[in-house]
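The values are calculated or read from the model by the stated rules, or taken from the named source; none is laboratory data. Here the structure is a predicted model, which means the values were calculated and not measured. Don't worry about glycine lacking a Cβ; one is built from the backbone with ideal geometry, like all the others, and counts go over all protein chains shown. Accessible surface is based on the protein model in full, side chains and every heavy atom, while ligands, DNA and RNA are left aside. Shrake-Rupley method; radii C 1.70, N 1.55, O 1.52, S 1.80 Å.
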Amino acid sequence: MTPRKKGRKPRLDKSQPLLRQLAAVPDTLFAGAFRQQYGALCFRHGNAGSEVEILVITSRESARWVIPKGWPMKGKKPFEAAAIEAWEEAGVRGLVKKKPVGRYTYLKEFDNGDVAPCIVDMFQLEVTEISGDFKERGQRILEWVSPDEAARRVREIELKSLLVQFEVRGRKKRDRG
């Protein structure tokens, strides 16, 4: 084991499962509650409506595959915050469900090296508009992939599960093929 300088925080090995990451920074476990975030599970219908594609984007710092997500916004409901994040991070707008379809946990590492465990409530967003002009354009890569491929790309186990089990929610029976 390499000695570390006094007062310096250990760097996370992000390839490890959440519990192993938390074990490396035990003070994080007892520092308070999980932080809340809201995410948009953006999808569209491809192949004449018979297949669903999921939008995955790269994170700005580590370029790993993620979904649009962010912190709560003052004066905005959770589903509205998720939709705003989808617009700012990926340039997509659409019909967002008001109730979360699931949640996942992950460790957020801040620029200063601090780490916070986060819970992300996920809201389905059926994309109806795609723009090439958005706030974080040029800082991320965007790709439309199958739910299984999206699950392969993301790191978080609970998010993988949400993606593999993806089902369009709230469609009227007559709209289902």
**Asked** Just for the stretch 22-170, what percent of DSSP beta bridges are antiparallel, to the closest 5?
**Response** 70 percent
**Prompt:** Which links in Lys108/Lys135; Lys97/Lys160; Lys74/Lys108; Lys99/Lys135; Lys77/Lys99; Lys76/Lys99 stretch past 18 Å when you go from one Cα to the other?
**Reply:** Lys108/Lys135; Lys97/Lys160; Lys74/Lys108; Lys99/Lys135
**Request:** Starting from the residue with the highest accessible area, list Glu167, Glu88, Glu51 in decreasing order, probe 1.4 Å.
**Result:** Glu167, Glu51, Glu88
**Request:** For Thr128 and Gln36, calculate 0.36 nm times their separation in residues minus their Cα-Cα distance, and state this gained length in nm to one decimal.
**Result:** 30.4 nm
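Give me the percent of accessible area attributable to carbon and sulfur for the stretch 65-148, probe 1.4 angstrom. Can you show the working numbers first?
On the way: 2070 of 4270 Å².
Roughly 48 percent of what the probe reaches on the stretch 65-148 is carbon or sulfur.
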**Request:** Using only protein heavy atoms and a 1.4 Å probe, report how much of Trp87 is accessible, in Å² to the nearest 10.
**Result:** 60 Å²
**Request:** On the full set of protein chains, 1.4 Å probe, figure out the accessible area of Leu142 and give it in Å² to the nearest 10.
**Result:** 60 Å²
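With all protein chains present and a 1.4 Å probe, how do Ser62, Ser50 order by accessible area, largest first?
Heavy-atom accessible area, descending, gives Ser50, Ser62.
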**Asked** Asn47 to Lys76: FRET efficiency via 1/(1 + (r/R0)^6), r the Cβ-Cβ distance, R0 41 Å, to the nearest 0.05?
**Response** 0.75
